[in-house]
Each structure stands twice: as structure tokens, then as C-alpha cells.
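Beneath this line is the structure, given in C-alpha cells, with notes to follow.
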Amino acid sequence: MVKDAEAHAEEDRQRKDEAEERNKADTLVYQTEKLLADQGDKIEGEDKIQVEQSLATLKEALAGDDLEKIKIATEGLMISSQKFSTQLYEQAAQEGGYSQPTNASADGADDDVVDAEVVEDDQ
């Protein structure tokens with residue numbers, strides 16, 4: 001039985017790798033579709049088109065059995081959706097006027113800190 005397991009170890013590893021890659025790709029497809037449904041109307045242009053094309057390519061790759069094609073399509077969608085997400089973040093920052101909060105003064109010292117010593121009276 002041990003010899004049988006050792007004989008199929010490589011095959012099992014390949015199946016595991018394929019399952020993990022497919023799960024990663026499925027998750028990315030779901031997240032990207034949700035992003036497009038929720039925020040797709042806020043961005044138009046080349047980046048949105050690229051995300052939609054990459055999404056279609058990955059879905060097509062998932063329909064087949066070529067693991068390398070799935071990996072390449074997943075990477076392509078990750079790159080294009082990251083650009084899309086960055087645009088959404090920048091747009092939200094401009095609309096909302098978000099800025100980085102700072103608690104320290106210009107010289108790096110925190111003005112709200114009080115240096116004190118606690119002394120208990122023994123009575």
C-alpha cells in the first residue's frame with residue numbers, strides 16, 4: 001500500500017496544484033464580477049475594457065483543462081483588475097477628499113504624549 005501511494009504521489013501533487021489553481025481562479029472571477037457589478041459604472045475606458053477582456057479569457061480557460069492557460073489568464077486578470085481597483089480608489093479619494101490622518105507634529109514628536117510617573121502612597 002505504501003508503494004502504491006509513493007507511485008501516485010506525483011499524480012496526487014499535480015491534482016492538488018490544479019485544484020488550488022482552479023479555486024484561486026474561480027475566486028478571482030467571482031471577486032471581479034462583483035467589483036464590476038458594484039463599481040463598474042464609476043470607471044470607463046481602457047482599464048475597464050481590459051478587465052472585462054481578461055475576465056472573459058479566464059472564464060474560457062477555466063472551461064478547459066490546460067492548467068498553464070489558467071495560470072496565465074489568472075495572472076492577466078489580477079494585473080488588469082488591480083489597475084481598475086487603483087483607479088476606483090483614486091477616484092474615491094478625489095471625490096471624498098480623503099487624506100492621510102497624522103497624529104505627529106512636523107518634527108516627528110507626538111504633542112499629545114505626557115511623560116509622567118505613577119507614585120502610590122503607602123498609608
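Cβ contacts < 8 Å: first residue farther than 13 Å from Thr32 by Cα and free of Cβ contacts under 8 Å to residues at least 12 places away in the same chain, restricted to the range 49-75; second residue acidic (Asp, Glu) and not in a helix (DSSP H, G or I), any location; separation 6+ or different chain. Result?
Taking only residues 6 or more apart or on different chains, not a single pair turns up.
A quick yes/no check of all residues on (1) at pLDDT 80 or above; (2) loosely packed, with under 10 Cβ neighbours inside 10 Å; (3) among the basic types (Lys, Arg):
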| site | (1), (2), (3) |
| --- | --- |
| Thr74 | yes, no, no |
| Gln94 | yes, yes, no |
| Ser99 | no, yes, no |
| Ala106 | no, yes, no |
| Gln123 | no, yes, no |
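In the list Thr32, Thr27, Thr74, which residue meets the criterion of being of a type in the set (S, T, N, Q) and within 20 Å of Gln91 (Cα to Cα)? Before you say what the answer is, go through the steps one by one.
Values: Thr27 fails: within 20 Å of Gln91 (Cα to Cα); Thr74 fails: within 20 Å of Gln91 (Cα to Cα).
Thr32 is the lone residue from the list that is of a type in the set (S, T, N, Q) and within 20 Å of Gln91 (Cα to Cα).
Looking only at the range 53-72, filter to residues that are of a type outside the set (A, V, I, L, M, F, W, C) and exposed (fewer than 15 other Cβ atoms within 10 Å of the Cβ); which one of those is farthest from Asp17 (Cα to Cα)? Break it down into steps so the answer makes sense when it comes.
First pass over the range 53-72, keeping only residues of a type outside the set (A, V, I, L, M, F, W, C): 53-54, 57, 59-60, 64-66, 68-69, 71.
Next cut, exposed (fewer than 15 other Cβ atoms within 10 Å of the Cβ) only: 53, 60, 64-66, 68.
On the way: Gln53: 25, Glu60: 19, Gly64: 16, Asp65: 13, Asp66: 12, Glu68: 11 Å.
Filtering the range 53-72 for residues that are of a type outside the set (A, V, I, L, M, F, W, C) and exposed (fewer than 15 other Cβ atoms within 10 Å of the Cβ), the one farthest from Asp17 (Cα to Cα) comes out as Gln53.
Of all residues in the range 1-31, count the ones that are acidic (Asp, Glu) and within 20 Å of Lys59 (Cβ to Cβ). Walk me through how you get there before you give the answer.
Looking only at the range 1-31, we keep the residues that are acidic (Asp, Glu), and these are 4, 6, 10-12, 17-18, 20-21, 26.
Of the ones still in play, those that are also within 20 Å of Lys59 (Cβ to Cβ) are 18, 20-21, 26.
Total satisfying the criteria: 4.
Sort out which residues of the range 26-56 are of a type in the set (D, E, K, R), part of a helix (DSSP H, G or I) and modelled with pLDDT under 95, and write them in order of number.
The first filter runs over the range 26-56 and keeps only residues of a type in the set (D, E, K, R), leaving 26, 33-34, 38, 41-42, 44, 46-48, 52.
With part of a helix (DSSP H, G or I) added as a condition, the list becomes 26, 33-34, 38, 41-42, 46-48, 52.
Passing the criteria: Glu33, Lys34, Asp38, Asp41, Lys42, Glu46, Asp47, Lys48, Glu52.
Please give the number of the condition Leu62 fails out of (1) under 21 Å from the mean Cα position of the chain (by Cα); (2) under 30 Å from Gln94 (Cα atoms).
Exception for Leu62: condition (2).
Applying the selection to the range 1-25, what residues are in a helix (DSSP H, G or I), among the aliphatic types (A, V, I, L, M) and out of contact with any helix residue (DSSP H, G or I) (no Cβ under 6 Å at 6 or more places or on another chain)?
Of all residues in the range 1-25, those in a helix (DSSP H, G or I) come to 2-7, 9-25.
Subsequent filtering for residues that are among the aliphatic types (A, V, I, L, M) retains 2, 5, 7, 9, 19, 25.
Within the range 1-25, Val2, Ala5, Ala7, Ala9, Ala19 meet the criteria.
The values are calculated or read from the model by the stated rules, or taken from the named source; none is laboratory data. What you see is a predicted model, and the numbers here were worked out from it, not measured in a lab. Every residue, glycine as well, gets a Cβ built from its backbone with ideal geometry; the counts of neighbours run over all protein chains shown.
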